[in-house]
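See structure below.
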Amino acid sequence: QVRLVESGGDLVQAGGSLRLSCAASGNIFRGAAIAWYRQAPGQQREFVARVSAGDSTDYTASVKGRFTVSREDAKDTAYLQMNSLKPEDTGIYYCSLEALGVWGQGTQVTVSS
């Protein structure tokens, strides 16, 4: 059974940084795009970033220049480096293997003003 586990969420002040990790069970990252989504309280889940199997990246406009998505297939792990955090970045962050319809349980990020 494929599982994704996110970690690294925390409470941080505005302007701070966090690095989220997404670890997969099994050798499943190779050849798959990995995406990060987030869900703020009372809001729908929204796309944040994606890294393809070929390491091309895509970001939602609000995080471009602040967030960096990467992957380390040898460790079946993906990362989301988040810098210059803003209160509006607050939410539960999820990673996903979209092609397989697999989601992690999420990790909470809270940015205080």
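The values are calculated or read from the model by the stated rules, or taken from the named source; none is laboratory data. Computed from a predicted structure; not experimentally measured. Quick reminder, even Gly has a Cβ in these numbers, built from the backbone with ideal geometry, and neighbours come from all protein chains shown. Remember, those area values only see protein heavy atoms, side chains included, never the ligands or the DNA or RNA. Shrake-Rupley method; radii C 1.70, N 1.55, O 1.52, S 1.80 Å.
Observations on the model:
- Taken over segment 73-104, the residue count meeting the criterion of being more than 12 Å from the chain's Cα centre (by Cα), at pLDDT 95 or above and open to solvent by 10 Å² or more (accessible area, probe 1.4 Å) is 6.
- Residue tally, condition at pLDDT 95 or above, loosely packed, with under 15 Cβ neighbours inside 10 Å and in a loop (DSSP other than H, G, I, E, B), over segment 53-72: 3
- Check on Thr107, open to solvent by less than 70 Å² (accessible area, probe 1.4 Å), of a type in the set (Ser, Thr, Tyr) and in contact with a strand residue (DSSP E or B) (Cβ under 7 Å, 6 or more places away or on another chain): yes
Per-residue answers, yes or no, for (1) open to solvent by 30 Å² or more (accessible area, probe 1.4 Å); (2) acidic (Asp, Glu); (3) modelled with pLDDT of 95 or more:
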site	(1), (2), (3)
Ser7	yes, no, yes
Ala14	yes, no, yes
Ser17	yes, no, yes
Leu20	no, no, yes
Ser25	yes, no, no
Ala35	no, no, yes
Arg38	no, no, yes
Gln43	yes, no, yes
Val51	no, no, yes
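- Breaking point among (1) in contact (Cβ under 8 Å) with a residue 24 or more places away in the chain; (2) outside any strand (DSSP E or B); (3) not polar (S, T, N, Q), for Val48: (2)
- Complete set of residues in segment 9-44 that are of a type in the set (D, E, K, R) and under 15 Å from Leu97 (Cα atoms): Arg30, Arg38
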